[in-house]
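In what follows, a structure is listed as structure tokens, so that the remarks can point back to it.
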Amino acid sequence: LEIPAGSSMAIVGVNGAGKTTLAKLLCRLYDPQDGAIEIDGVDLRNLDVDAWRQRVTAVFQDYVKFELPLRTNVAPLGATDDVIHTALAQAGADQLADLDTPLAKGYDGGIDLSGGQWQRVALARALAAVANGARVVLLDEPTAQLDVRGEAEIFERVLAATQHCTTILISHRFSTVKQADRIC
């Protein structure tokens, strides 16, 4: 499988086909036992893992929910308010709450979010990472709690916002990733 830099690729397949395994290998959460993943001809295992992870942003189906303000959920490592607002708008989550609102009911002024709203916050986190320099975007079924129309809309927004990045969309549904440059 070859993914040209700066392009978008959708990876579609049934459960157990290896889509998430590929995503985790690309993030270097573990190394391949056979074969290699190469980045510009260099084995990923030969790249500094911390430097690589600064270049990659990923949203998995089981993304992290921080019981912290919206600002921190979108940019855990920090970002300007403009970057955070833009990322939220690109993810369709700009009307959720004030940036300082805690995303947990147990805190003063805190709110609960639906599963779909949390997914949009997780996508905004990836888009904020892109604004801060990530150049590989990996979305591993992050929209499972959205309907088909919502998923297609999110993928369309993400592809528009990541045109200068290498973007990999993983989905069970071919219909939602048709706009990718290539489909595997």
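The values are calculated or read from the model by the stated rules, or taken from the named source; none is laboratory data. Every value quoted in this text rests on a predicted model; they were computed, and no experiment measured them. No Cβ is skipped: glycine too gets one built from the backbone with ideal geometry, and neighbour counts run over all protein chains shown. Accessible surface is based on the protein model in full, side chains and every heavy atom, while ligands, DNA and RNA are left aside. Shrake-Rupley method; radii C 1.70, N 1.55, O 1.52, S 1.80 Å.
Per the conditions (1) open to solvent by less than 80 Å² (accessible area, probe 1.4 Å); (2) assigned to a loop (DSSP other than H, G, I, E, B), the sole criterion not satisfied by Asp62 is (1). Residues in the range 114-135 include at least one that is of a type in the set (A, V, I, L, M), surrounded by fewer than 24 Cβ atoms within 10 Å (Cβ to Cβ), touching a strand residue (DSSP E or B) at 6+ places or on another chain (Cβ under 9 Å) and part of a loop (DSSP other than H, G, I, E, B). Contact map, the range 38-56: first residue part of a loop (DSSP other than H, G, I, E, B), second residue modelled with pLDDT under 95, Cβ cut-off under 7 Å, separation 6 or more or different chains; pairs are Leu47/Ile39. None of Thr101, Thr80 is open to solvent by 40 Å² or more (accessible area, probe 1.4 Å), more than 19 Å from Gln61 (Cα to Cα) and hydroxyl-bearing (Ser, Thr, Tyr) except Thr80. Any idea which residue in the range 161-184 is farthest from Ile3 (Cα to Cα), counting only those that are among the β-branched types (Val, Ile, Thr) and open to solvent by 10 Å² or more (accessible area, probe 1.4 Å)? Going through the qualifying residues, I end up with Ile183. Within the range 70-88, the residues that satisfy the criterion of being under 15 Å from Ala122 (Cβ atoms) and either touching a Gly at 6+ places or on another chain (Cβ under 7 Å) or not in a loop (DSSP other than H, G, I, E, B) (or both) are Leu70, Arg71, Thr72, Asn73, Val74, Ile84, Ala87, Leu88.
Here Thr143 fulfils each of the conditions (1) crowded, with 24+ Cβ neighbours inside 10 Å; (2) modelled with pLDDT under 90; (3) in a helix (DSSP H, G or I) apart from (3).
Taking every residue in the range 22-35 that is under 14 Å from Glu141 (Cβ atoms) and pairing it with any residue that is among the small types (Gly, Ala, Ser), at least 6 positions away or on another chain, the pairs with Cβ-Cβ distances below 8 Å are Ala23/Ala58. Does Ala5 count as touching a strand residue (DSSP E or B) at 6+ places or on another chain (Cβ under 8 Å), of a type outside the set (Ser, Thr, Tyr) and either touching a residue at least 60 places away in the same chain (Cβ under 8 Å) or under 21 Å from Arg182 (Cβ atoms) (or both)? Answer is yes for this residue. Please verify whether Arg149 is part of a helix (DSSP H, G or I), at pLDDT below 90, within 24 Å of Arg55 (Cα to Cα) and open to solvent by 70 Å² or more (accessible area, probe 1.4 Å), treating the condition exactly as stated. So Arg149 does not fit the description; no. What is the residue count in the range 1-57 for residues that are open to solvent by 40 Å² or more (accessible area, probe 1.4 Å) and among the aliphatic types (A, V, I, L, M)? Adding up the residues that qualify gives 13.
Return the residues of the range 89-129 that are of a type in the set (Val, Ile, Thr) and in contact with a Gly (Cβ under 7 Å, 6 or more places away or on another chain); say none if nothing qualifies.
So in the range 89-129, the residues of a type in the set (Val, Ile, Thr) come out as 101, 111, 121.
Thr101 - this is the single residue of the range 89-129 that is of a type in the set (Val, Ile, Thr) and in contact with a Gly (Cβ under 7 Å, 6 or more places away or on another chain).
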